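These notes concern the structure reproduced below.
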Amino acid sequence: MNDAKETKRSPRFSRRKLCRFCADKSLKVDFHDVQTLKLFLSEQGKIIPRRISGNCAVHQHQVGQAIKRARQLALLPYVQTNI
Amino acid sequence: MREYETVYILRPDMTEQEEAAINSRLAEVVTREKGHLLKQAIWGKKKLAYEIRHFNKGLYVSLKYVSEAPVVQELERNLKILEPVIRFGTFRVGEVENLQERIARQAKEDEEEAARLAQQREEAAEEAEEQAVDAAEESESTRQVEAAEPREEDSGQDAGDETEAEEE
């Protein structure tokens with residue numbers, strides 16, 4: 001059903017990205033795991049929206065929570081100034 | 001009963017004894033309040049993503065425990081009082097229905113981690129050994145080169161002397 005929707009909606013655009021946490025069930029969102037969370041941050045340290053990251057709603061929420069926790073503990077920056 | 005994780009950051013310029021004193025005091029708070037401490041993990045000194053109280057580095061320590069809510073309050077009260085704690089955060093991990101099962105799982109995880117660390121250490125030791133062997137071989141070869149070089153220099157100097165003598 002999903003496939004039909006995609007092809008109908010956007011023949012022009014590339015295939016919709018899969019949520020990587022759904023694709024690989026062994027991956028867990030965790031605020032300790034800074035390396036993984038960095039994949040969902042822009043250069044300035046902003047959280048990448050799910051329309052671009054491709055995350056599903058559940059996992060995007062978890063990623064956002066984890067990033068905010070990591071920011072409180074100075075594991076991740078609020079703003080990245082030295083680009 | 002809920003599982004919580006409290007992470008706190010200590011200022012980086014403390015002695016090991018001071019760090020140990022604070023860590024044991026905080027661990028004691030959890031057990032005194034009848035919480036069950038699962039693990040106290042020292043992550044080590046890490047670079048902070050931004051400056052806190054003019055520090056760029058901090059010692060991260062995490063406490064995992066299963067308890068009721070008042071334990072969190074008491075622990076956070078202590079963290080506020082302690083001057084070397086530059087930042088702390090408590091995060092709810094989830095509900096724990098079977099404490100014994102959770103303890104067993106933690107023990108298993110700890111074992112696995114210890115095994116992984118031991119393996120890493122072994123690999124690192126092996127690598128270091130290989131490097132030492134390589135370095136020894138290299139230094140031997142350089143020594144040979146060095147041994148060969150001075151003679152050349154001597155001969156060069158001799159030649160220079162001769163030319164100077166000729167000029168005179």
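Contact-buried residues of segment A:55-83, at a threshold of 20 Å² lost accessible area versus the chain by itself: A:Arg69, A:Gln72, A:Leu73, A:Ala74, A:Leu75, A:Pro77, A:Tyr78 (1.4 Å probe; DNA, RNA and ligands ignored).
Counted by Cβ distance under 13 Å from B:Pro70, the other residues give a net charge of 0, where Lys and Arg count +1 and Asp and Glu count -1. Of the trypsin sites (Lys or Arg not before Pro) found in segment B:1-58, the ones in coil according to DSSP and having at most 11 other Cβ atoms within 10 Å of their Cβ are B:Lys34, B:Arg53. With all protein chains in place and ligands, DNA and RNA left out, the 1.4 Å accessible area ranks B:Thr15, B:Thr6, A:Thr81, A:Thr36 as A:Thr81, B:Thr15, A:Thr36, B:Thr6, largest first. In this structure the amide hydrogen of B:Leu48, modeled in the peptide plane, comes within under 5 Å of the amide hydrogens of B:Lys57, B:Gly58, none closer than 5 places in sequence on its chain.
How charged is the neighbourhood of A:Gly45? Take every other residue with its Cβ under 10 Å from the Cβ of A:Gly45, and add Lys/Arg as +1 and Asp/Glu as -1. Don't skip to the answer; put the middle values down first.
Working: positive: A:Lys38, A:Lys46, A:Arg71; negative: A:Glu43.
Every neighbour counted, the sum reads +2.
Ordering B:Tyr65, B:Tyr50, A:Tyr78 from largest to smallest accessible area (1.4 angstrom probe), what's the sequence?
Details: B:Tyr65 0, B:Tyr50 50, A:Tyr78 115 Å².
Of B:Tyr65, B:Tyr50, A:Tyr78, the descending order of accessible area is A:Tyr78, B:Tyr50, B:Tyr65.
Accessible area per residue, 1.4 Å probe, Å², for segment B:1-155: what's the number?
On the way: 10200 Å² over 155 residues.
The answer is 66 Å² per residue.
Accessible surface buried by the A/B pair amounts to about 1000 Å², both sides summed, 1.4 Å probe. Residue pairs exceeding 21 angstrom between C-alpha atoms, taken from A:Lys46/B:Lys39; A:Lys46/B:Lys45; B:Lys34/B:Lys64; B:Lys34/B:Lys57; A:Lys46/B:Lys57; A:Lys68/B:Lys64: A:Lys46/B:Lys39; A:Lys46/B:Lys45; B:Lys34/B:Lys57; A:Lys46/B:Lys57.
Determine the order of B:Phe88, A:Phe31, B:Phe55 by accessible area, beginning with the largest, at a probe radius of 1.4 Å. Kindly include the intermediate steps, with their values, before the conclusion.
Values: B:Phe88 60, A:Phe31 15, B:Phe55 40 Å².
Final ranking, largest accessible area leading: B:Phe88, B:Phe55, A:Phe31.
Residues of segment B:73-98 whose accessible area (probe 1.4 Å, heavy atoms of protein chains only) drops by at least 30 Å² once all protein chains are present, relative to their chain alone: B:Phe91. For segment B:62-138, the share of accessible area belonging to carbon and sulfur comes to 47 percent (1.4 Å probe, ligands and nucleic acids excluded). Using a loss threshold of 50 Å², tell me which positions in segment B:15-49 are less accessible in the complex than in their chain alone. Probe radius 1.4 Å, ligands and nucleic acids ignored. Residues losing area: B:Ala49.
The values are calculated or read from the model by the stated rules, or taken from the named source; none is laboratory data. Quantities reported herein were computed from a predicted structural model and do not represent experimental measurements. Every residue, glycine among them, receives a Cβ derived from its backbone with ideal geometry; neighbour counts consider all protein chains shown. Only protein heavy atoms, including side chains, enter the accessible area calculation; ligands, DNA and RNA are left aside. Shrake-Rupley method; radii C 1.70, N 1.55, O 1.52, S 1.80 Å.
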